[in-house]
Amino acid sequence: MRPPASLSLSPRWAPYVLISPFLVLFLVFGVGPLLFSLFLAFQTWEPTAGLQAMEYVGLGNFAFALQDEWFWKSLGNTGWLAVASGVPQHLVAIPLAVFIHTSFKHLRDGVIGAYFLPYITSTVAIAILFSSLFSTDYGLVNVGLGALFGGEPIDWLGAPENIKPAIAMIVFWRYVGFNVVLYLAALQTIPKDLYEAATMDGAGRLQQFFYITLPSLKPMIFFGVTLSVIGGLQLFEEPFILTGGRGGSDQAGMTTAIYLYRMAFDFNDFGAASAMSWLLFLVVALLTWLTNRAFAPRKGSA
Amino acid sequence: MNGHRLAPWAAYAFVGAGALVMLAPFYFMFVFATHSRTEIFSLPPPLFFGDDFFANLQILTEKLPFWRNLGWSVYVALASTALTLLFCSMGGYAFALFEFRYKAPLFALVMATLLLPTFMNMIPTFMIMDALGWIDQPRALYIPGAASAFGIFLMRQFVMSSIPKDLIEAARMDGCSELGIYWRIVLPLLKPALGTLGLITFIASWNNFIGPLIVMRSPEMYTLPLALRSLQSPVNTEWGALMTGSAIATVPLLVLFALSSRQLISGLTSGAVK
């Protein structure tokens, strides 16, 4: 089959032809919406009123967001969840990766697979399952806790103080394996003779972990923590399913992503929702930069 | 290698217990899928398989246009995969082996969107789809998805590392047309990367919730995750049926993972590991 003559042009034009389908979609559905949402953040608009009903309000939407109690509450929830689900992932993933790296040979792929499986699974299906596991009277979590420790069943999804830990546990479960794989990849790049030399010098296993393994993992810890922070601040699906799409009692499970969704689609204020999305974006960018500074390897080390 | 053999048995116990925690929810999803609502919510909850799977499926098909929802999930995932593979292999090849105007800034822009949070596009995407009249249209899901920054990244990496420029030059000398080179030489050589990107795209589309949540309004057009979520209600949720639906939504993922876990894991972590 011969391509049409107009397309069998010189190599000079070929890249433009090759890239244009991607580029058109990228501009229309990727960059375009982004610029449009920046524009929208300075307008007041309700979808029922039609596009011509937009009105410029300057920084009004941003002022509204910054004075909105629920917006701050959602930011607090999101930050809490990002830290409480993110940090333990790394504290557990690093020793797991070290154990798998040093002690598993034949079962290695199977074990890695088991830890990675939650990452590719449907968040909605899993969140639905967990909302039954966390049910107060008949959920397996409480049945298990009761059998082990006794005591009153915990109202995981109803009581405001419990819903965030429940969400954090699901997020931890889902992403810890992803981090294990990252750390395993990093562990493979540490030269073995470092450990051999340390053993000759009489360094114990714990010393080797703290003086060789951990410093060598530093760049990957930086990457992993940055990814967890960016991911944690975007949390939407797990809390959305667990709280029936409304944020839970006392809005205790309402992340900022859920709130800006509700601001647009439940409360019909698209301008304020756009302003909030840009404010949250600033927070994500700022925290990414800070994590970068805190964890980036300094000159001379790593 | 023997760097830190922290008592191997402790290591086995720690890793093994963790693996059980990772797998247990899947087990209970399938167990619950075979039990009725009253059985799931009784003490003690069921720990082994029951025989209510088909009864649950019956409820599911009464409460939802379940087979249609399943069909849309398959259709959107396949269309999205096909378009992404085509457009990203073309674009990745162009970024890897051609020089053109604004190439560097354009690539930087594409890569910058890789880190862009999904919530940024939620509202404007709805407005664009509304303006285009694509609300309740499956193409609102698979067409934007084809502009995958990750796909471009993966394809460009693979072309750069495995397709020599001399090969392209030689084909050009032999009089092969530019699109012929792409179709007959580059595409066949890209097979492993196409497999990885195809799997990742299919799974992402299959699991996509925010996309359909924003553009699908009528239950007949829902994809599976959205349909399952619509069964949840503050009172009288049909938990048995919901578990059956969740299990059905999970089976294809388990099959794909069983067949290609190595490829999937290395593909999904390639952005962070490289």
Using Cβ contacts closer than 10 Å as the measure, can you line up A:THR226, A:THR136, B:THR201 from fewest to most? A:THR136, A:THR226, B:THR201
What Kirkwood Rh does the stretch A:86-209 have if only Cα atoms enter the pairwise 1/r average? Answer in Å. 17.1
Which of the peptides A:253-266, A:279-292, B:161-174, A:227-240 is most tightly packed, and how do the rest follow, going by the mean number of other Cβ atoms within 10 Å of each residue? A:253-266, A:227-240, A:279-292, B:161-174
Taking Rh as the Kirkwood radius, which is the inverse of the mean 1/r over Cα pairs, what is the Rg/Rh value for the stretch B:65-273? 1.03
Compactness relative to 2.2 N^0.38 Å, alpha carbon Rg of the stretch A:62-295: 1.18
Scattering from the C-alpha atoms of the stretch A:80-150 alone, worked out with Debye: what is log10 I(q)/I(0) at q = 0.14, 0.24 1/Å? -0.71, -1.07
Rounded to two decimals, what is the ratio between the C-alpha radius of gyration of the stretch B:51-139 and 2.2 N^0.38 Å? 1.64
Residues A:SER249, A:SER122 arranged by fewest to most Cβ contacts within 10 Å: A:SER249, A:SER122
Please turn the phi angles of the stretch A:127-136 into ³J(HN,Hα) values with the Karplus equation 6.51 cos²θ - 1.76 cosθ + 1.60 (θ = phi - 60°), one per residue in order, whole Hz, x for glycine and proline. 5, 5, 4, 5, 5, 7, 5, 8, 5, 5
Hey, what did chain A get for relative contact order, percent, Cα under 8 Å, at least 6 apart? 28
Charge tally for neighbours of A:ALA168 with beta carbon under 15 Å away, counting Lys, Arg as +1 and Asp, Glu as -1, is -1
Local electrostatic count, B:SER89, Cβ distance below 14 Å [Lys/Arg +1, Asp/Glu -1]: +3
What translational D, rounded to a whole number of µm²/s, comes out for the protein assembly as shown from Stokes-Einstein when the hydrodynamic radius is the Kirkwood one over Cα pairs, at 25 °C and 0.890 mPa s? 95
Between B:GLU220, B:GLU238, B:GLU99, where does the largest GNM mean-square fluctuation fall for chain B, given springs only between Cα atoms within less than 10 Å? B:GLU99
Considering every residue in B:20-29, what mean count of other chain Cβ atoms within 10 Å of its Cβ is obtained? 6
Likely footprinting exposure, A:ILE163, A:ILE120, fewest C-beta neighbours within 10 Å first: A:ILE120, A:ILE163
With the cut-off at 12 Å, report for the stretch A:14-61 the share of all Cα pairs above it, as a whole percent. 69
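We did not get these values from a lab; they are worked out from the coordinates using the rules stated. Not measured: the values here are computed from a predicted model. Neighbour counts run over all protein chains shown; Cβ positions are idealised from the backbone, glycine included.
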